[in-house]
Amino acid sequence: MEAVGKNLLIRFSNGLEVRTHLGLHGSWHRYRPGEPWRRAASRARLVLEVPGAVAVCFDAPKVELFEQRAESLHPTLSKLGPDLLDPGADLAEARRRLRDPSRAERSIAEALLDQRALAGIGNVVKNETLFIERLSPFALVRDVDDATLAGLIERARTILVANVGRRRGPERVTTGGPRVAAGPLWVYGRGGRPCRRCGTVIRVIRQGDELPRTTYWCPSCQPDRR
């Protein structure tokens, strides 16, 4: 199984390929043959059986089978931006795509989630990256300077890499390092609670036109300078 942005790809020796996108609620489980599943069978979207193991994909909104040779023409995969978890990711290309005129008037929060610009950032990482970098989620891309944009990309990549392979505890942890906070996340999921950095109440709003997502931010640490 290979992760490409937020897509999981399984390639078979017969030239076929399965793509799954887990969305907000999907997950892959691995079981021994005959072991009870932890979710109802009615929620299984795909079951793969091999000697000694059973892999079950639950609740994924996207599951599709196609030929590997068609991957470069796939309507989603072919348009993905640089994958931030790829050690060879072209971060300059990610910045160039964010700078595309079509994104100039979009908020930076929306742009960071655009997988066509850079792949791999989800809503948790978006919120935490903007907070750590002290940037308002409402800042327009055209108003974000190149150094700040590069810093956002690097920070998001650092968070993603640090959380690869976590098997226990919170879904994401962003508060490690020299500024350790009393909890795993700075702002995500903490609407109405005090900011871990300054004590101001964290605010929350639905943001975005194409696919509205929940944004959490500290109005003191991330002032809106529009």
Among the residues of segment 204-226, count how many are free of Cβ contacts under 8 Å to residues at least 40 places away in the same chain and of a type in the set (Val, Ile, Thr). 2
Quick check, is residue 109 part of a helix (DSSP H, G or I) and over 22 Å from the mean Cα position of the chain (by Cα)? no
Residue in segment 82-106 that is surrounded by the most Cβ atoms within 10 Å (Cβ to Cβ), counting only those that are of a type outside the set (A, V, I, L, M) and in contact with a Gly (Cβ under 8 Å, 6 or more places away or on another chain): 83
Can you list residue pairs whose Cβ atoms sit under 8 Å apart, with the first residue in segment 1-15 being within 23 Å of residue 114 (Cα to Cα) and the second being at pLDDT 80 or above and among the polar types (S, T, N, Q)? Count only pairs 6 or more apart in sequence or on different chains. 5/115; 6/115; 7/20; 7/76; 8/20
Hey, residue 86 hits all of (1) closer than 30 Å to residue 158 by Cβ; (2) outside any strand (DSSP E or B); (3) not assigned by TED's automatic domain parsing to the domain that holds residue 156 but one; which does it fall short on? (3)
Residues of segment 101-157 being β-branched (Val, Ile, Thr) and under 28 Å from residue 194 (Cβ atoms), in sequence order, are 108, 121, 124, 125, 129, 132, 144, 148
Among the residues of segment 144-158, are any assigned to a loop (DSSP other than H, G, I, E, B), at pLDDT 75 or above and touching a strand residue (DSSP E or B) at 6+ places or on another chain (Cβ under 9 Å)? no
Lone unmet requirement of (1) surrounded by fewer than 15 Cβ atoms within 10 Å (Cβ to Cβ); (2) more than 15 Å from residue 2 (Cβ to Cβ) for residue 58: (1)
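The values are calculated or read from the model by the stated rules, or taken from the named source; none is laboratory data. Quantities reported herein were computed from a predicted structural model and do not represent experimental measurements. Ideal geometry is used to build each Cβ from the backbone, glycine not excepted, and the neighbour counts take in all protein chains shown.
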